[in-house]
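Contents: one structure, followed by commentary.
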Amino acid sequence: MEKIVVKDDEQIELSIVDGDLEAHDGARITVSSKVDKLVIKGNLVSEGDVEINGSLEVEEIMHKNGYLEITGDVLAKRIRIRNGRSGGSKLIVGGNLTAEETTVEGGVEVEKDFKCPEVKIMGSCAVYGNADVETYEVSGSAKHELNLNATVVDISGSFKVGGDAIIKEELEVSGSAKINGTLDCPEVEIGGSFACNNLITNSTDVSGSAKTSTAQVGDKLSVSGSYKCEGSIIAAKLSVSGSSKVGDDSKIEKLSVSGSSTAGDNAKFVDVKVSGSLSLGANTIAENINVSGSCNSSGLLRLSEKLQVSGSLKGDEIEAGEISVSGSLTCEIAKADLITISRDSRVRGKLFGGTIIIGDGARVEDITADVVELGKDVRAGVIAAGTIDADPSAKYTKG
């Protein structure tokens, strides 16, 4: 087998190489117009800044210490790009890049599609077409203009996808991540901020803030900063350490928020725990809501079990199995089998229930119930009840 050597700064035209092609710094190789691509039956061994004008088919590419630029398509079994003493090596492909294994100490730039099962890049990567990979590891930033299909993705810097990212097993990003389309991945871990149009996942953990248009979460979405979902989210668990906002028709089994939380109309919950403020749209349905702060709702708020608020509760119409308020309650109507108003609390609105207990010093308006208990110094409006157990200091009008 022959070996062709292209010396420093030499220019040459080739159509086929029956063995290895060796190219040195400044070499410029032009693919003959008589062929579709340059076929190298051996390996391409290059060093420094080397340019190949045209498409290339080769067994293995071994390049070091500089830029290797190929203006056309590249088809290779293995690609190995190494930094030299001066560092800064980069592979630039003007067409499609197809390989079985790609290892790069430096950067990669692909103008069209990138197909390779095993990819390890110790630098940055930019792909302007579609990418189809399996194991994808990038030590720097990764940017994809269109779609990405992968099995496992590990990015140490930032991660951007202009289209959809379909990842079969796991996505781990140490920096920020932004996917303009759908992110479909069972296990996701983001070290910085995160944004995508549609999230489909089993479990996602975000150390910064997060934003989605819609989301489908099989198990848990955990966000250490703020979270905003413009449309609906369907999730088993949503845990947010900052503020949270979800859109209409959201369905969340367990919602836990350490800051303010807002939900649109027709939201459905099982258990809600908020340490801050909770704002609910019309026609909210839940089993249990526990708020340490303020809770505001519009329209009908219906709970099958307990609504507990340590702070202020405001709403139009509230129905629950049990309502417990320590602070203030303002509503048109509140109905429950058991209503407990803690001492020194204030209520504006009508209370309806089986048993209603008003703590010492509280101020309430009209009450209709089976049993009413009034503590010391309670002030109430009209009370209509089968049984009224009132401290002698309580003042009210019997209806």
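The values are calculated or read from the model by the stated rules, or taken from the named source; none is laboratory data. Computed from a predicted structure; not experimentally measured. Cβ placement follows ideal geometry from the backbone for every residue including glycine, while neighbour counts extend to all protein chains displayed.
Summary of computed values
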| read-out | value |
| --- | --- |
| Selection count, the range 79-96, where residues are at pLDDT 95 or above and either farther than 15 Å from Glu69 by Cα or under 30 Å from the mean Cα position of the chain (by Cα) (or both) | 0 |
| Residue within the range 151-170 that is modelled with pLDDT of 95 or more and more than 29 Å from Asp73 (Cα to Cα) present | yes |
| Output for the range 340-363, where each listed residue is at positive phi and either touching a residue at least 60 places away in the same chain (Cβ under 8 Å) or not in a strand (DSSP E or B) (or both) | Asp344, Gly361 |
| The one condition in (1) crowded, with 19+ Cβ neighbours inside 10 Å; (2) more than 21 Å from Val173 (Cα to Cα); (3) β-branched (Val, Ile, Thr) that Val104 fails to fulfil | (2) |
| Residue match in the range 195-209 (condition: part of a strand (DSSP E or B), over 19 Å from Ala235 (Cα atoms) and among the hydrophobic types (A, V, I, L, M, F, W, C)) | no |
| Given (1) more than 22 Å from Gly327 (Cα to Cα); (2) buried (at least 20 other Cβ atoms within 10 Å of the Cβ), number of the condition Asp389 does not satisfy | (2) |
| Unique residue being part of a loop (DSSP other than H, G, I, E, B), within 30 Å of Asp219 (Cα to Cα), among the small types (Gly, Ala, Ser) and free of Cβ contacts under 8 Å to residues at least 60 places away in the same chain when the list is Gly181, Gly129, Gly157, Gly95 | Gly157 |
| Cross-chain or 6+ apart pairs with Cβ under 8 Å, the range 259-272 first and more than 19 Å from Gln308 (Cβ to Cβ) and among the small types (Gly, Ala, Ser), then modelled with pLDDT of 95 or more and assigned to a strand (DSSP E or B) | Gly264/Val246 |
| Evaluation of Gly140 against (1) farther than 23 Å from Lys211 by Cβ; (2) under 18 Å from the mean Cα position of the chain (by Cα); (3) assigned to a loop (DSSP other than H, G, I, E, B) (one fails), failing number | (2) |
| Residue ID - farthest from Ala282 (Cα to Cα), chosen from residues in the range 296-339 that are in a strand (DSSP E or B) and of a type in the set (Ser, Thr, Tyr) | Ser326 |
| Flag for Ser89 being buried (at least 20 other Cβ atoms within 10 Å of the Cβ), assigned by TED's automatic domain parsing to the domain that holds Asp113, within 16 Å of Glu109 (Cβ to Cβ) and of a type in the set (S, T, N, Q) | yes |
| Check on Ser279, touching a Ser or Thr at 6+ places or on another chain (Cβ under 7 Å), over 22 Å from Val206 (Cα atoms), surrounded by fewer than 19 Cβ atoms within 10 Å (Cβ to Cβ) and hydroxyl-bearing (Ser, Thr, Tyr) | yes |
| Residue ID - nearest to Asn296 (Cα to Cα), chosen from residues in the range 364-373 that are assigned to a strand (DSSP E or B) and not hydrophobic (A, V, I, L, M, F, W, C) | Thr368 |
| Gly259 part of a loop (DSSP other than H, G, I, E, B) and either closer than 24 Å to Ser292 by Cα or of a type in the set (Val, Ile, Thr) (or both) | yes |
| Residue within the range 105-124 that is at pLDDT below 95, in contact with a Lys or Arg (Cβ under 7 Å, 6 or more places away or on another chain), under 24 Å from Asp49 (Cβ atoms) and not in a strand (DSSP E or B) present | yes |
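Yes/no matrix, rows are residues, columns are (1) of a type in the set (Lys, Arg); (2) under 23 Å from Glu111 (Cβ atoms):
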position	(1), (2)
Lys7	yes, no
Ala27	no, yes
Val31	no, yes
Leu38	no, yes
Val45	no, no
